[in-house]
Amino acid sequence: MTTDRAQSPLRVVLTDLNAAVVESWRAAFADTPEVEIRQGSILTEQVDAWVSPTNSRGRMDGGADAAIKRHLGAGIQLKVQRAIRDQFAGSLPVGSAVCVPSGAVNPRFLISAPTMRTSSQNVSETLNVALACAAAFQAVHRQNRLVPGSIRSVALVGMGAQTGRVPARICANLMWTGLTLFNDHCFEDYDELRATVLAQLEDIEKAPATRRVRIAAPKPRSRA
C-alpha cells in the first residue's frame, strides 16, 4: 500500500554522539535536506518518538538502549518486552519493531527495532541495520494508521554503529535505504518488509562502501 506523504510529512532527526556517524550521515543524506542531522544525545530531542536499536528480547542493557532506559525509567523495558511477548511470542525478529507509549511527555512513544538477536552481537557483516531502520519507520506508519497524526516527528541514533560494530559509512547508507523505503511504501506486515529488503540487498556486500541502494516497492499482490 503506497502512502501520500505530502499530506503528513514526518520530521526526521538523526543524532549521535559519534562524530564519524554524523559525518557519514551528512554524506549519505546530502540530497535529503529535509532530514535534520546533528551531533548530540537523542535524550535531548523534542520529538514524538525515539527509535531504540535493541535486541530480539528487548533487553535494554547497552548503548542507546541503556541510556534511554535510565532516562525513561526501568518500566519502559517492561513495556517493550510485554509488547514483544504479546505481538511476537517473546522474540522480536530483526526486521520487525514494536511501538509503545513511553509514559512521558517527550517522547510520547518509544519504537524498539532490533539490530541484533542477542546483546552485544557483532552485526557488521549483516543487513540488520537496513532491516531495523526500515522496520522502525514502518512502525511509524502502523502507529499513524491506528491513530492518525500521532507520530509527526522521530529521532534515531546510528543503528548498529556502536554495540553492533557496523562501520559508520555503511550504517549511514543502510539507514538512508530504510528512510527512502518509508517514503515510498507502507507494508502490510513485517514478513513482507524483510523479504523485500533481503531480496534487493543480498549482493550489496560486493558493492563499494559509498554506494546507496534505493529499494523498489513490491508489486501489488494480484487478487483472485
**Message:** Within region 99-110, does at least one residue satisfy the condition of being at pLDDT 95 or above, touching a helix residue (DSSP H, G or I) at 6+ places or on another chain (Cβ under 6 Å) and within 23 Å of Arg212 (Cβ to Cβ)?
**Reply:** no
**Prompt:** Counting residues that are surrounded by fewer than 20 Cβ atoms within 10 Å (Cβ to Cβ) and under 17 Å from the mean Cα position of the chain (by Cα), which strands (runs of 3 or more DSSP E) fully inside region 1-103 reach at least 1?
**Reply:** 11-16, 36-39, 98-101
**Complete:** Residue count, region 16-48, condition touching a residue at least 60 places away in the same chain (Cβ under 8 Å) and touching a Leu at 6+ places or on another chain (Cβ under 7 Å), comes to 2
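Quick grid of which residues meet (1) at pLDDT 90 or above; (2) in contact with a helix residue (DSSP H, G or I) (Cβ under 6 Å, 6 or more places away or on another chain); (3) over 25 Å from Asp184 (Cβ atoms); (4) of a type in the set (Lys, Arg):
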| residue | (1), (2), (3), (4) |
| --- | --- |
| Thr3 | no, no, no, no |
| Leu17 | yes, no, yes, no |
| Trp25 | yes, yes, no, no |
| Ala28 | yes, yes, no, no |
| Ala74 | yes, no, yes, no |
| Ala89 | yes, no, yes, no |
| Pro93 | yes, no, no, no |
**Prompt:** Looking at region 151-171, which of its residues are over 23 Å from Ser102 (Cβ atoms) and either of a type in the set (Asp, Glu) or modelled with pLDDT of 95 or more (or both)?
**Reply:** none
**Message:** Quick check on region 144-172: of everything there that is within 23 Å of Ala216 (Cα to Cα) and over 13 Å from the mean Cα position of the chain (by Cα), which residue is surrounded by the fewest Cβ atoms within 10 Å (Cβ to Cβ)?
**Reply:** Arg145
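The values are calculated or read from the model by the stated rules, or taken from the named source; none is laboratory data. All figures in this text were calculated on a predicted structure; none of them were measured in a lab. Cβ coordinates were reconstructed from backbone atoms using ideal geometry, including for glycine residues, and neighbour counts include every protein chain displayed.
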